[in-house]
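Working notes, beginning with the structure itself.
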Amino acid sequence: MFKETLQSIVEKTDGSLGALIRGADGLSVEKFFSQEGVDANLDAAAAEFTSLVRNASRSGKDLDLGELRELVVALGKVTLAMRLFNKDYFGVLALKPEGNLGRGRYELRKAELQLAKEFAV
């Protein structure tokens, strides 16, 4: 079910390179990449940004601003949109800089709702 959901996100979002579900511990749950995404080593990039998600989440709580829901990191060659499913799991969508970020964010939100029961704590 996870792989099909990720594949759907990638196929429906122009300019997407791949999508992943990661644990807050940094481990990959599932992933789906286009060939271009595989070549760009996006799995390693997503692992590196797991600490950013943890730190942003902690900062939101420490400042009493609420739970982190989404984080977008725009780099020169890739944009990463990360959507938290709960405190332990989040989805990542990697896009080319010219990719459709708005559609990608929408598809991540849909995936969060579709997979809610799978990630219920």
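Just one of Lys96, Lys77 is over 17 Å from Glu48 (Cβ atoms) and of a type in the set (Lys, Arg); which is it? Of Lys96, Lys77, the one residue that is over 17 Å from Glu48 (Cβ atoms) and of a type in the set (Lys, Arg) is Lys96. Do we find that Ile21 is of a type in the set (A, V, I, L, M, F, W, C), in contact (Cβ under 8 Å) with a residue 60 or more places away in the chain and in a strand (DSSP E or B) in this structure? It is true that Ile21 is of a type in the set (A, V, I, L, M, F, W, C), in contact (Cβ under 8 Å) with a residue 60 or more places away in the chain and in a strand (DSSP E or B). Taking the numbered list (1) within 19 Å of Phe85 (Cβ to Cβ); (2) free of Cβ contacts under 8 Å to residues at least 40 places away in the same chain in turn, Ser59 passes all entries but (1).
The set of residues in the range 8-26 that are touching a strand residue (DSSP E or B) at 6+ places or on another chain (Cβ under 6 Å) and surrounded by 15 or more Cβ atoms within 10 Å (Cβ to Cβ) comprises Ile9, Val10, Gly15, Ser16, Leu17, Gly18, Ala19, Leu20, Ile21, Arg22. Only residues that are in contact (Cβ under 8 Å) with a residue 60 or more places away in the chain, in a helix (DSSP H, G or I) and among the polar types (S, T, N, Q) were counted across the range 1-18, and they come to 2.
Residues in the range 59-108 that are in contact with a Gly (Cβ under 6 Å, 6 or more places away or on another chain) and among the aliphatic types (A, V, I, L, M) were compared, and the one that is nearest to Gly15 (Cα to Cα) is Leu95.
Filtering Thr13, Thr50 for residues that are β-branched (Val, Ile, Thr) and in contact with an Asp or Glu (Cβ under 7 Å, 6 or more places away or on another chain) leaves a single hit, Thr13.
Of the helices (runs of 4 or more DSSP H) contained entirely in the range 35-121, those carrying at least 2 residues that are among the hydrophobic types (A, V, I, L, M, F, W, C) and either surrounded by 14 or more Cβ atoms within 10 Å (Cβ to Cβ) or at pLDDT 95 or above (or both) fall at 42-62, 101-114.
The values are calculated or read from the model by the stated rules, or taken from the named source; none is laboratory data. Predicted model, so just to flag it, every value in this text is computed and none were measured. In this analysis, Cβ positions are derived from the backbone assuming ideal geometry, glycine residues included, and neighbour counts consider all displayed protein chains.
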